[in-house]
Amino acid sequence: MRAVVVGTGAGGATAARKLANDGFEVIVLESGKEFKPFRRLLSLAAPFRRTGLLGNEKTITRLFPPMDTIRSSDDLVLVRGMTTGGSTVLSCGNMVRAEHGLKEIGLDLTPEFEKIEKDIGVTEFPRKRWQPITEKMFEAAEKLGLEPKATPKSVDSIKCVSCGLCELGCTTGARWDSRRFLDDAIGAGATLYTSSPVKKVIIEKGQAKGVTVGSRTIDADVVVLAAGGIGTAQILKASGLPAKDNLWVDIVLTLGGILKGANQIKEPPMTWYTKHEDYILSPYLDILSHWFHKPWRNVSIEDRVGVMVKLADMEEGAVFADGKVQKVIKREDHLRLDGAIGEAKKIMESAGVSGPYINGVHNGGHLGGTVPLTNDDVDSMKPSWLPEGLWAADLSLVPRSQGLPTILLASAIALKVAEKISERMI
Ligand SMILES: Cc1cc2nc3c(=O)[nH]c(=O)nc-3n(C[C@H](O)[C@H](O)[C@H](O)COP(=O)(O)OP(=O)(O)OC[C@H]3O[C@@H](n4cnc5c(N)ncnc54)[C@H](O)[C@@H]3O)c2cc1C
């Protein structure tokens, strides 16, 4: 029984591992190349940054192709990993269970969350290694009654050198990413092909029969799309199937302030967070804004302090067959972001961070919702409009935005899908 798994991120690597362990012949197709962390950007970029010669966010993709950026509207940049490990290799290693909207469709992922947390090994980053300003902002958030908590992380603090650049790839192997599950899958017999972007699913008489990669076709009994909220939707649309215009991205906006010698960069991002109904706040030095946002340009990285808002956005946005994405920040999102930024400012003010307080770039890297599960789909873990033999196993299945880290969710939902595939096929 042959399964083709498309994508090697949180969803794809988890599904490939489970299917390979269950005895499927697994072929994994990854659009990007083998991941290598980027080591030179700080020293390389500094002289260009002040003069504005770095250009816009597309420069980062040119220098560091695994970090793909898409401008989906004038004021929103979407970020994803196009490489082995998908977006997990760019992650900050935050491991929080995100479950918004799951109860409403009758989906309980508790056993899958438990299993994956155990496999990954989730822990907190030692508080004695937080920078003083991060500690001060934590205490300020406590005094404001915001109940901050240390963020559960998949970072081995012994290997971590506190370079603060998790999003450019971990150079010491301290931070977990889904390549570890991919290696397990390969160990169990799966075959990985990199530089293999899938164009379409081959469908005959209502049954998925394989995929096309360039001019090649690869036959399969089961096709599992785990190319992320954008990639999976693009492949479906190119195959004539109606992915939904329900894209959500969890909009991130970082408020920047100034504190001389704060050195917030010298710690892993987001060591603590406060949880609100539809957003979180967390200490974060947004490198995208630091390098490419003009209003942030005249403050050095050592003196910059940031607090991030990560907002559960309105689930509205479209992906097209050619990969273009249309997603705007709705008025309601702006209003809720304004309120949350007000809270971030209070934390920074009471911790002694000075202004001018300036918003960074609106961006989103949690891409989901384009193949949303409904109540009726949960028994099979497969939207009814997908042909026989075709499955999705990534964040695209999640109907609601989260405003929370999403690796555990993508991985847990993919595990549940893979369990169903095994149940059905073997
Ligand atoms: C900068 C950044 C930091 C983040 N930090 C965190 C964090 O700390 N904690 C957290 O929980 N979440 C974090 N996230 C979000 C998290 O990484 C994603 O939500 C999660 O990885 C989604 O899993 P996925 O399988 O749906 O997609 P992805 O992990 O993005 O995987 C999609 C895969 O599909 C491949 N692909 C795409 N198109 C094709 C195609 N046509 N053919 C073949 N392959 C294709 C891609 O190359 C990729 O390997 C972060 C995201 C970003 C961008």
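The values are calculated or read from the model by the stated rules, or taken from the named source; none is laboratory data. On a predicted model such as this, the values are computed, not experimentally measured, just so you know. Don't worry about glycine lacking a Cβ; one is built from the backbone with ideal geometry, like all the others, and counts go over all protein chains shown. Please note that ligands, DNA and RNA were not included when accessible areas were found on the heavy atoms of the full protein model with its side chains. Shrake-Rupley method; radii C 1.70, N 1.55, O 1.52, S 1.80 Å.
One table, with the values for the structure above:
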{"item": "Cβ-defined net charge surrounding Ala312, 10 Å radius [Lys, Arg +1; Asp, Glu -1]", "result": "-3"}
{"item": "Loop trypsin sites (Lys or Arg not before Pro), the stretch 303-363, which have at most 15 other Cβ atoms in a 10 Å radius of their Cβ (DSSP)", "result": "Lys324, Lys330"}
{"item": "Pair-distance profile P(r), taking every C-alpha pair of the stretch 89-225, with 5 angstrom steps and integer %", "result": "2, 7, 11, 13, 14, 14, 15, 9, 6, 4, 3, 2, 0"}
{"item": "Relative contact order [Cα under 8 Å, 6+ residues apart], the chain, whole percent", "result": "25"}
{"item": "Helix 110-120 vs. the chain, principal-axis angle (Cα, 0 to 90°, nearest 10)", "result": "70"}
{"item": "Accessible-area value, Trp385, 1.4 Å probe, nucleic acids and ligands omitted, Å²", "result": "60"}
{"item": "Efficiency of FRET between Asp219 and Leu335 - r from beta-carbon atoms, R0 51 angstrom, step 0.05", "result": "0.50"}
{"item": "Rg [Å, one decimal], Dmax [Å, integer] - the stretch 1-130, C-alpha atoms", "result": "18.7, 57"}
{"item": "C-alpha long axis of helix 41-51 to longest principal axis of the chain, angle in °", "result": "60"}
{"item": "Cα-Cα over 32 Å, subset of Lys345/Lys382; Lys153/Lys199; Lys18/Lys205", "result": "Lys345/Lys382; Lys153/Lys199"}
{"item": "Shape call, the stretch 382-426: gyration tensor on alpha carbons, a/c limit 1.5", "result": "oblate"}
{"item": "Net charge of Cβ neighbours under 13 Å - reference Ala16; Lys, Arg +1; Asp, Glu -1", "result": "-1"}
{"item": "Helical mean residue ellipticity (222 nm; -39500 (n - 2.57) per DSSP H run of 4+; nearest 500) of the chain", "result": "-8500 deg cm²/dmol"}
{"item": "Counted charge near Pro372, where neighbours are those whose Cβ lies closer than 10 Å (Asp, Glu -1; Lys, Arg +1)", "result": "0"}
{"item": "Debye, to nearest 20: dipole size of the chain, +1 on Lys, Arg Cβ, -1 on Asp, Glu Cβ", "result": "1440"}
{"item": "Rh by Kirkwood over Cα pairs, then Stokes-Einstein D for the stretch 304-368 at 1.306 mPa s and 10 °C, µm²/s", "result": "115"}
{"item": "Exposure of Lys294 as accessible area (Å², to 10), given a probe of 1.4 Å and all protein chains", "result": "140"}
{"item": "Flagged links, alpha-carbon separation over 30 Å, of Lys118/Lys244; Lys115/Lys149; Lys128/Lys294; Lys275/Lys324", "result": "Lys118/Lys244; Lys128/Lys294; Lys275/Lys324"}
{"item": "DSSP bridge pairs, the chain: antiparallel proportion in percent, nearest 5", "result": "70"}
{"item": "Contact order relative to length of the stretch 68-108, as percent, for alpha carbon pairs under 8 angstrom and 6 or more apart", "result": "21"}
{"item": "Largest to smallest principal axis extent of the C-alpha atoms in the stretch 185-291, angstrom", "result": "64, 35, 26"}
{"item": "Helix axis angle, 407-425 relative to the chain longest principal axis, alpha carbon, degrees", "result": "10"}
{"item": "Descending semi-axes in Å of the chain, equivalent ellipsoid built from Cα gyration tensor", "result": "36, 21, 21"}
{"item": "Isotropic mean projected area of the C-alpha convex hull, the stretch 71-140 (nm²)", "result": "8.7"}
{"item": "Size of the stretch 271-323 as Cα extents on the principal axes (Å, biggest first)", "result": "42, 32, 17"}
